[in-house]
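Take a look at the structure below.
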């Protein structure tokens with residue numbers, strides 16, 4: 001898929017999805033219920049993305065999704081928010097009980113964050129772990145932004161939208177000085193604007 005994107009000069013995104021609260025399901029209702037949660041979660045993710053996108057389980061409660069031919073990084077953020085919403089819906093277990101898990105998602109894009117699948121996996125996993133430090137359902141991009149041409153208002157719009165849906169965009173530490181200042185100012189403004197939203 002990366003070779004195809006490279007030859008067509010296209011952008012794709014790799015999402016690293018880690019389920020939050022899955023261990024509690026296993027410990028409380030057993031591995032059979034855990035398997036039900038994993039299968040239903042995989043089905044929901046598959047239904048949320050397009051037919052030409054790829055979704056697979058890495059192991060444990062971790063999944064990887066490859067979004068082919070995306071317009072820009074914000075496209076992957078919007079898909080991630082839909083994934084988080086779908087995953088967080090209650091799942092009915094064989095016992096009749098309902099289980100609910102959340103998700104943390106790390107995002108890396110080709111070619112901005114890497115030119116090979118292994119590098120994208122590493123970057124997306126790194127972004128996901130970085131985002132999990134703040135906990136709760138969230139997504140994180142790697143990196144958030146690179147180009148100084150990104151305007152403050154564009155950052156405010158993205159941050160405000162994410163805060164409104166309980167999504168946190170994590171500002172990476174490797175931003176350039178100019179963008180770092182813009183992001184810091186935009187973050188403060190976005191949080192102020194979002195303070196009236198009931199989370």
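The values are calculated or read from the model by the stated rules, or taken from the named source; none is laboratory data. Remember, predicted model here, so these are calculated numbers, not experimental data. Here the Cβ positions follow ideal geometry from the backbone for every residue, glycine too, while neighbour counts run over all protein chains shown.
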Checklist line | The one condition in (1) in contact with a helix residue (DSSP H, G or I) (Cβ under 9 Å, 6 or more places away or on another chain); (2) under 19 Å from residue 21 (Cα atoms) that residue 112 fails to fulfil | finding: (2)
Next item on the list: Look through 33, 95 and report the one residue that is outside any helix (DSSP H, G or I), in contact with a helix residue (DSSP H, G or I) (Cβ under 8 Å, 6 or more places away or on another chain) and more than 30 Å from residue 7 (Cβ to Cβ).
Entry: 95
Notebook entry, point to check: Hey, any hits in segment 65-73 for a residue that's surrounded by fewer than 17 Cβ atoms within 10 Å (Cβ to Cβ) and closer than 18 Å to residue 127 by Cα?
Noted result: yes
Next item on the list: Would you check if there is a residue in segment 125-139 being touching a helix residue (DSSP H, G or I) at 6+ places or on another chain (Cβ under 6 Å), assigned to a strand (DSSP E or B) and at pLDDT below 95?
Entry: yes
Check: In segment 1-16, what count of residues is obtained for those that are touching a helix residue (DSSP H, G or I) at 6+ places or on another chain (Cβ under 7 Å) and either surrounded by fewer than 13 Cβ atoms within 10 Å (Cβ to Cβ) or under 16 Å from residue 88 (Cβ atoms) (or both)?
Finding: 1
Margin query: Any residue that is out of contact with any strand residue (DSSP E or B) (no Cβ under 8 Å at 6 or more places or on another chain) and either farther than 30 Å from residue 8 by Cβ or loosely packed, with under 12 Cβ neighbours inside 10 Å (or both) - is there at least one of those in segment 104-114?
Written below: no
Notebook entry, point to check: Can residue 102 be described as assigned by TED's automatic domain parsing to the domain that holds residue 129 and at positive phi?
Noted result: no
Checklist line | In segment 47-59, the residues that are under 17 Å from residue 104 (Cα atoms) and in contact with a strand residue (DSSP E or B) (Cβ under 8 Å, 6 or more places away or on another chain) | finding: 49, 55, 56, 57, 58
